[in-house]
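The values are calculated or read from the model by the stated rules, or taken from the named source; none is laboratory data. What you are looking at is a predicted structure, and each value in this text was computed from that prediction instead of being measured. Here the Cβ is made from the backbone with ideal geometry for all residues, glycine too, and neighbour counts use every protein chain on show.
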Amino acid sequence: MRELGEETGIVLDGAPLKDLGRFVYRRDKDLHLFAVRVPDDEVKLENCICESYFPRYRDGTMISEMDDFKWVSPLDVDRFASRSLSRLFQTTLSLTELHEPL
């Protein structure tokens, strides 16, 4: 919930999260992922803002963790997610299968 707030500005009061587990993301980082379904009118993308920054590798300039916010179908996530996250969804965690029971 903290990461969701920092990276999107979205606050979900007591949302029923589905724990998806911990996954190897990169050699130096694991992800603990959760899923939740919210009503279409509960989250407005135009209100999303990222307050989480990291230093760009080549020059140390602080840049936002999020470039943009967009709703996409599970089949289109690879077009917008990082390579590491896309690889996780392709090999370990099927978004299409996950999307159905939510």
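Scanning the stretch 7-33 for residues that are loosely packed, with under 15 Cβ neighbours inside 10 Å, under 27 Å from residue 91 (Cβ atoms) and in contact with an Asp or Glu (Cβ under 9 Å, 6 or more places away or on another chain), we see that the one that is modelled with the lowest pLDDT is 24.
Answer with yes or no whether residue 21 is in contact with a Cys (Cβ under 8 Å, 6 or more places away or on another chain) and in contact (Cβ under 8 Å) with a residue 12 or more places away in the chain. Spelling it out, it is not the case that residue 21 is in contact with a Cys (Cβ under 8 Å, 6 or more places away or on another chain) and in contact (Cβ under 8 Å) with a residue 12 or more places away in the chain. Being farther than 23 Å from residue 91 by Cβ, of a type in the set (Asp, Glu) and either modelled with pLDDT under 85 or over 12 Å from the mean Cα position of the chain (by Cα) (or both) is a property that holds for residue 42.
Of all residue pairs spaced 6 or more apart or on separate chains, those with beta-carbon atoms under 6 Å, a first member in the stretch 59-88 that is within 18 Å of residue 47 (Cβ to Cβ) and surrounded by fewer than 14 Cβ atoms within 10 Å (Cβ to Cβ) and a second member that is modelled with pLDDT of 90 or more and acidic (Asp, Glu) are 65/7. Kindly check whether there is at least one residue in the stretch 25-46 that is touching a helix residue (DSSP H, G or I) at 6+ places or on another chain (Cβ under 6 Å) and of a type in the set (Phe, Trp, Tyr). The answer is yes, given that some residue of the stretch 25-46 is touching a helix residue (DSSP H, G or I) at 6+ places or on another chain (Cβ under 6 Å) and of a type in the set (Phe, Trp, Tyr).
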